[in-house]
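Colleague: Okay, handing you the structure first.
Read-outs: derived from the displayed coordinates by stated rules, not from any lab. Bear in mind that the values here come from a model prediction, so they are computed numbers and not experimental data. Here the Cβ positions follow ideal geometry from the backbone for every residue, glycine too, while neighbour counts run over all protein chains shown.
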Amino acid sequence: MATSPESQTSWQDPAAVELMLDELETWAVVGLSGDRSRTAYSIAELLQRRGKRIVPVHPDAPTVLGEQGYATLADVPFPVDVVDVFRRSEAAGEFADQAVAVGARAVWFQLGVVDQDAFERTTAAGVAMVMDTCPAIEWRKRGR
């Protein structure tokens with residue numbers, strides 16, 4: 001299904017991006033493992049350098065970048081602000097639903113990850129969401 005430029009713009013609402021980058025501190029990174037060659041690893045490193053706490057969420061629950069991992073979002077024993085999803089589009093929606101269920105304040109689908117239905121469900125639940133972009137890109141756009 002093709003998407004209109006207007007839809008894509010709403011997926012990257014500047015207010016939602018600013019909220020996540022500037023105000024929210026604890027980022028659960030879905031799909032983060034200890035594999036340094038994966039994009040999730042380099043973005044988690046960037047988040048840490050920018051002062052964010054990262055929480056690896058991966059079925060193997062590895063400790064990554066000094067942070068204890070958890071097998072699922074529901075296993076994380078403290079509140080998370082942002083759920084950052086590194087999964088294919090067809091698998092990502094369930095993590096947006098889980099983010100809403102655990103009380104996250106925001107969901108971020110990485111570059112190339114798009115699920116319009118998940119976006120509509122998540123934002124209808126009052127949870128900020130962006131899709132098809134990356135924190136590194138957004139910080140660069142803002143000259144930071």
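Colleague: Positive end of the charge dipole of the range 5-141 (Lys, Arg +1 and Asp, Glu -1 on Cβ, about the Cα centre): tell me which of Ala104, Val85, Ile137 has its Cα farthest that way.
Modeller: Checked the options; the winner is Ile137.
Colleague: Efficiency by 1/(1 + (r/R0)^6): what FRET value for Gln116 and Thr63, r their Cβ-Cβ distance, R0 = 35 Å, to the nearest 0.05?
Modeller: Result of the calculation: an efficiency of 0.50.
Colleague: How much mean residue ellipticity at 222 nm does the chain get from its helices, if each DSSP H run of length 4 or more adds -39500 (n - 2.57) and you divide by all residues, to the nearest 500 deg cm²/dmol?
Modeller: One gets -10500 deg cm²/dmol as the mean residue ellipticity at 222 nm.
Colleague: Related question: Going by C-beta contacts inside 10 Å, put Leu32, Leu111 in order with the fewest on the left.
Modeller: On the way: Leu32 26, Leu111 14.
Lowest count first: Leu111, Leu32.
Colleague: Tabulate in residue order the Karplus-calculated ³J(HN,Hα) for the range 67-78, using 6.51 cos²θ - 1.76 cosθ + 1.60 with θ = phi - 60°, rounded to whole Hz; enter x for Gly and Pro.
Modeller: For the range 67-78, the Karplus curve yields 10, 4, x, 9, 5, 9, 4, 5, 7, 5, x, 9 Hz.
Colleague: If you take all C-alpha pairs in the chain, what percent of them are over 18 Å apart?
Modeller: The proportion of pairs with Cα distances above 18 Å equals 50 percent.
Colleague: Evaluate the relative contact order of the chain (contact order divided by residue number), counting alpha-carbon pairs under 8 angstrom at least 6 apart; express in whole percent.
Modeller: Numbers: 253 pairs, mean separation 32.5, N = 144.
RCO, the chain: 23 percent.
Colleague: Moving on. Given H placed on each backbone N at 1.01 Å, which residues far from Val55 in sequence or on other chains put an amide H within less than 5 Å of it?
Modeller: Trp27, Ala28, Val29
Colleague: Let me ask you something else. Quick query: amide H of Ala128 versus all other amide H atoms, modeled in the peptide plane; which residues come in under 5 Å with a sequence gap of 5 or more or a different chain?
Modeller: Amide H neighbours of Ala128: Val107.
Colleague: Another question, if that's okay. Which residues in the range 129-144 place their backbone N less than 11 Å from a point set 7 Å from the Cα of Ser89 along the Cα-to-Cβ direction?
Modeller: 132
Colleague: Follow-up. Once you charge only the Cβ atoms, +1 for Lys and Arg and -1 for Asp and Glu, what is the size of the charge dipole of the range 5-141 about its Cα centre, to the nearest 20 debye?
Modeller: With Lys and Arg at +1 and Asp and Glu at -1, about 460 debye.
Colleague: Can you give the net charge of the other residues whose Cβ lies under 9 Å from the Cβ of Gln110, counting K and R as +1 and D and E as -1?
Modeller: Values: positive: Arg87; negative: Asp84, Asp132.
My count for the surroundings of Gln110 gives -1.
Colleague: Please report, ordered by residue number, every helix of the chain (full DSSP H runs) that is 20 Å or longer along its axis going by C-alpha atoms and whose mean Kyte-Doolittle hydropathy reaches -1.0.
Modeller: 89-102
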